Amino acid sequence: MSLFTGSYSIRQINPLEKVKFKYVQWLSLAIGLVCLMLGFTRIAKHSFFSIQVLGFLILGIISLLIWLKISWSDKAALISPKLFKNLRFSMQLIAYCFAKIATLALGFIFPIYVQAVNHGSVSLAGWVTFPGAVINALMAAVAGKLFDKKGARLPIIMGIIASLILMNVLAPLSNLAIVLLYVLYYGGYGVCFGSLMTSGLITLGKENHAQGNAIFNTLQQFSGALGTALAETLIALAQNKYLTNGTAVGSKWTFMVLLILIIINLLLALAFVPKKK
């Protein structure tokens, strides 16, 4: 369906040009991100100092340093690391990544919570997240209208504040409360996500939009993996320590960490998102 709708609606408006693909830059960047992702996602099952965790993390960092070295002086780099020198762009990118971490962490926690703590069925665990997904799509459209009329700052801060309300509500939670809180969260970040990305890209200028878009989309996937790994690790640690209510305790721990991330997001939005349209 995506292929069909995309081929029908997306048009090439800029002239195409032949460029040389940077295979070494692509490979070093890909190895770096994949190794970091593997390291973070295995923390719950292995010791931090094991090869499965620390080994992959070190390999990932080394690969990223290689990418940084060979890309820094390349004027036609696959992704130019010099873009990160733009402080407004970098800080809004961090806020975007933190938002994605929180989203995937909650998407991991709530279905497990419904099954393990509230003893609900698998189908119920899926349905409790459905209203939030619908609200997310609707609020993304609202965010676009707000962005056009008021600029990026208003929808971003509105979304972050709505999410802060959720992070202050700790377990135990009923299934109905989970539905309502998930709707609140996705309503908030439905307003926030697109505005953060658009505002960040605007700071780069049109000539760097393609690279900026690639950076946002790449780190979006990486941040999602980190969010899942974070929730999985905290729940696993709590389950090992508290045999009877480990999932509920791990959910509380995760909420506390996400609360810190979202407070940082609010500070970043106030400091680096432009006030004007």
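None of the figures in this text is laboratory data; all of them are computed from the coordinates on show. Predicted, not measured: the structure shown is a model, and the values here were computed from it. Counting neighbours? That spans all protein chains shown, and the Cβs are built from the backbone with ideal geometry, glycine included.
Which pairs in the list LYS22/LYS75; LYS20/LYS82; LYS20/LYS75; LYS145/LYS275 are over 18 Å apart, alpha-carbon to alpha-carbon? Result: LYS20/LYS82 exceed 18 Å. Across region 18-78, the convex hull enclosing all Cα atoms gives 63 Å³ per residue.
For the chain, the longest principal axis of the C-alpha atoms and the axis of helix 87-116 are separated by about 30°. Relative protection proxy for 52-63, 105-116, from highest mean packing down: 105-116, 52-63 (other beta-carbon atoms within 10 angstrom). Distance from the Cα centroid of region 1-43 to that of region 203-229 is 10 Å (rounded to whole angstrom). Highest mean packing comes first when the peptides 212-224, 228-240 are listed by Cβ atoms within 10 Å, giving 228-240, 212-224.
Taking 22 Å as R0, compute the FRET efficiency from the Cβ-Cβ separation of LEU176 and LEU138 and round it to 0.05.
Computed FRET efficiency for LEU176 and LEU138 comes out at 0.60.
Go ahead and run the numbers for FRET between LYS20 and LEU54, Cβ-Cβ distance against an R0 of 25 Å, rounding to 0.05. Spell out each step's value before the answer.
Values: r = 36 Å, r/R0 = 1.45.
After rounding, the FRET efficiency stands at 0.10.
Relative to the dominant Cα principal axis of the chain, helix 23-41 is inclined by about 10°. Pairs of Cα atoms nearer than 8 Å and 6+ residues apart set the relative contact order; for the chain it is 26 percent.
Subtracting the Cα-Cα distance of ILE263 and ILE61 from their residue separation scaled by 0.36 nm leaves 70.0 nm.
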